[in-house]
1. Can you tell me how many residues within region 76-126 are outside any helix (DSSP H, G or I) and under 30 Å from residue 161 (Cβ atoms)?
2. Any idea which residue in region 1-42 is modelled with the lowest pLDDT, counting only those that are part of a loop (DSSP other than H, G, I, E, B) and within 30 Å of residue 59 (Cα to Cα)?
3. Taking region 77-108 only, how many residues are surrounded by fewer than 15 Cβ atoms within 10 Å (Cβ to Cβ) and either assigned by TED's automatic domain parsing to the domain that holds residue 211 or of a type in the set (Val, Ile, Thr) (or both)?
4. Could you tell me which numbered condition residue 149 fails, if it satisfies all but one of (1) among the small types (Gly, Ala, Ser); (2) over 17 Å from the mean Cα position of the chain (by Cα); (3) under 25 Å from residue 51 (Cβ atoms)?
5. Hey, can you tell me all the residues within region 181-215 that are outside any helix (DSSP H, G or I) and among the hydrophobic types (A, V, I, L, M, F, W, C)?
6. Which residue is farthest from the chain's Cα centre (by Cα), if the candidates are limited to region 159-181 and must be at pLDDT 85 or above and farther than 12 Å from residue 133 by Cα?
7. Does residue 139 satisfy the criteria of being modelled with pLDDT under 85, surrounded by 18 or more Cβ atoms within 10 Å (Cβ to Cβ), not assigned by TED's automatic domain parsing to the domain that holds residue 70 and not in a helix (DSSP H, G or I)?
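The values are calculated or read from the model by the stated rules, or taken from the named source; none is laboratory data. In this text, all values refer to a predicted model and were calculated from it rather than measured experimentally. Don't worry about glycine lacking a Cβ; one is built from the backbone with ideal geometry, like all the others, and counts go over all protein chains shown.
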Amino acid sequence: MNRRLSTILFLAFLVAVVASYLVYRIAGNQIHGNTAQTTKVVMAAKDLQIGTLIKDGDVTTGDWVGPLPKGTIVNMTDAVGRGVVSSLYAGEPVLDTRLAAVGSGGGMAAIIRQGMRACAVRVDDVVGVAGFVRPGMRVDVLVSGTAPGSPANDGPKVKTLLQNIEVLSAGADIQKDNEGKPVQVQVVNLLVTPEQAELLSLASNQTKIQLVLRNPLDTDSPKTPGVAMSNIFTDDNPKPKNVVFKKSPKPAVVALPPPVQIEKPVPPRIFLIEVLNGGKRAEEKFTEPVKP
């Protein structure tokens, strides 16, 4: 065989060996990289609705491939006996944030967030927005009545008391309705702060309450002045301006000096003297001299 041909074949063989080794290493790294570590985690054995108190048969264990989500529960004892605050579906890993605190139980009390209160409001077809107030929706609370100390001719007044309040339950139902079907209930529980609960309790006893449904994405809280009955029947024409007549200035009062008293001259006194001269009789008049 030609020596030159043998050299070429030997070099080709070396290149093939090196290429095969590189392909093997790359393929091996990809295969080992795709084989991630699995971990036993607690999963929902069936669909669990909000407020459900987890029992032994409600959860199971399963393999989770890859890194665990934050708060994933891996021990059955950490999930059993706790209430569900966010719906779980079969095969979904159970997260600590989806369950109520240990010892808080189930039902509606389990879904009340820390620092908040559930305040019940009696509703009817009008107040309950014709049954469309469902758990998870947002409402405004309006109150109407006569304010103490207001003028009698103003009549009743309506005012927005609370805005963007979350509906916790509609009657005994605490499940969210994705279809938005109306359900007639007698009581709606609202999720409020302790201060808002005081306002709502006082208003429900002293005034008439109405709920106004709002878009949950609308988070604005506009300031409203309220409307009195007397303002409803007024037209939009501007009122004529009051014409103010200027009063003429009062004349200045000048103090007059006291009148000068002129003394009348006192008439001089006249003296009558009778003069006897023998048998003659005569009368003489003398005037009192005037003093200078």
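1. 20
2. Ranking the candidates gives 35 first.
3. Qualifying residue count, region 77-108: 3.
4. The failed condition is (3).
5. Selection gives 183, 185, 187, 188, 190, 191, 192, 209, 211, 212, 213.
6. Looking at the filtered set, the residue picked out is 159.
7. no
So that you can scan it fast, the table gives a plain yes or no per residue for (1) farther than 23 Å from residue 183 by Cβ; (2) of a type in the set (S, T, N, Q); (3) touching a residue at least 12 places away in the same chain (Cβ under 8 Å); (4) touching a Phe, Trp or Tyr at 6+ places or on another chain (Cβ under 7 Å):
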position	(1), (2), (3), (4)
99	yes, no, yes, no
114	yes, yes, no, no
117	yes, no, yes, no
125	no, no, yes, no
132	no, no, yes, no
135	no, no, yes, no
